Amino acid sequence: MAEFNTSVKNQGDISLLYLNGYLDAHTASVLENNFSDLIAKDKFKIVVNFKDLVYISSAGLGVFMAFIEKIRENNGDIKLTSMSDKVYNIFDLLGFPLLYEFYKSEDEAVKKFEETDKLEK
Amino acid sequence: MKSKSKIKEKKLQVKSRTENLSKIREFIQNFSSSAGIMQDTIDNMMLAVDEACTNIIKHAYKSYPDGEIIIKIKYEDKKLIITIIDYGKAFHPESVPEPNIQEFYRQHRVGGLGMYLMKTLMDDVKYVSIPGKYNQVLLSKSINSPR
C-alpha cells in the first residue's frame, strides 16, 4: 500500500512541514491533522516542502484550500516549495498559482516570511 | 490476409474504500507499462482514474465501504480505454459546474476539481447512469508515440 507521512520542524515562528509519499483521498486526513495541530498551536506561518512528495490528487489539493483562509486571517500563510514538475503541473492545471506562493527552495519561502515580518514591524 | 490489431485487456475489482486507491493506481501503472506507454501519459491516466474512483467512493457509495468498483482497461489501435463501473447512486455530471478556483477559495469548496482534472488529462470522459442498475465512466486516451 502506498504510504504518506509528514514531519514538522520549527524555525523561529515558522513551521516547516515536510511531505513524503502519496497524497490522495486516503492519506489526506494525515495532512489535515497536521494543519489542525499547527493552527491549534497558533502556528500560522507554514512552509510546505514537497521535495519527497511523489503523487498528489485533488483530495490532497483540497486540504490546502480548506485551511488557507483561517491561516491568512491570522496574518499567516501557506507557502509551497521544492515541488517536482509533475506535482506542480497538477496545482497549475487547477489554477493554484493565482492564490498561493510557490518557491523553488525552502530558504526562499522562509526569507519571504522574514521580509514580510520586517515590513510589518 | 488481414492482420489483426493487438488487443490487450485487464480487469480489477475492488471494494469502495480509499485504501484501495493505491492498488487501483498500481493496476493502471502495471498494465500501461507492459503496453509500452510513456510514463508521463501513465501518470496522467493514474490520476484521472484515481479521481474517478474517489468520486465513486465519496458520492456514488457515500463512503459505504463494501460497494463494488470494477475497472477494465483495454489497449487497442493505439488507444487506451478505461471503463469504471459502480452500483451506487446515479451520477449526473451536468450538475457539477466547471470549477473556478477563486470562487472556490471564497466559498471554501473543492468539489468538482477531480472531474475537471479528468477532463483535462484524458481525451474523452463519458458517463452513463442506469438508475437502480449501474453507473459507468469511460475514460479514453490516444497514445500517439509509445516509448
Has the stretch B:61-72 got at least one residue that is outside any loop (DSSP other than H, G, I, E, B), over 12 Å from the mean Cα position of the chain (by Cα) and not small (G, A, S)? yes
On the basis of being more than 14 Å from chain A (Cβ to nearest Cβ) and part of a strand (DSSP E or B), does B:I37 make the cut? no
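Which of the residues belonging to the stretch A:11-27 are within 13 Å of the chain's Cα centre (by Cα) and within 14 Å of another protein chain (Cβ to nearest Cβ)?
Initial filter on the stretch A:11-27 (within 13 Å of the chain's Cα centre (by Cα)): A:14-20, A:23.
Selection gives A:L23 alone.
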Residue list for the stretch B:43-60, restricted to those being more than 11 Å from every other protein chain (Cβ to nearest Cβ) and free of Cβ contacts under 8 Å to residues at least 60 places away in the same chain: B:H59
Sole miss for A:V30 among (1) buried (at least 21 other Cβ atoms within 10 Å of the Cβ); (2) under 24 Å from B:S22 (Cβ atoms); (3) within 14 Å of chain B (Cβ to nearest Cβ) is condition (1)
Subset of the stretch B:23-39 (residues that are under 16 Å from B:D50 (Cα atoms) and touching a residue at least 12 places away in the same chain (Cβ under 8 Å)): B:I24, B:R25, B:F27, B:I28, B:Q29, B:F31, B:S32
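Can you find a residue in the stretch B:5-26 that is at pLDDT below 95 and within 14 Å of chain A (Cβ to nearest Cβ)? Can you show your working first?
Going residue by residue through the stretch B:5-26, those that are at pLDDT below 95 are B:5-9.
Narrowing further to those that are within 14 Å of chain A (Cβ to nearest Cβ): none.
Checked the stretch B:5-26: no residue is at pLDDT below 95 and within 14 Å of chain A (Cβ to nearest Cβ).
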Enumerate the strands (runs of 3 or more DSSP E) found wholly within the stretch A:43-121, keeping only those where 1 or more residues are at the interface with chain B (Cβ under 10 Å from one of its Cβ atoms) and of a type in the set (A, V, I, L, M, F, W, C). A:45-56
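The values are calculated or read from the model by the stated rules, or taken from the named source; none is laboratory data. Just so we're clear, the structure is a prediction, and the values are computed from it rather than from any experiment. Note that each Cβ is placed from the backbone with ideal geometry, even for glycine, and that neighbours are counted across all protein chains shown.
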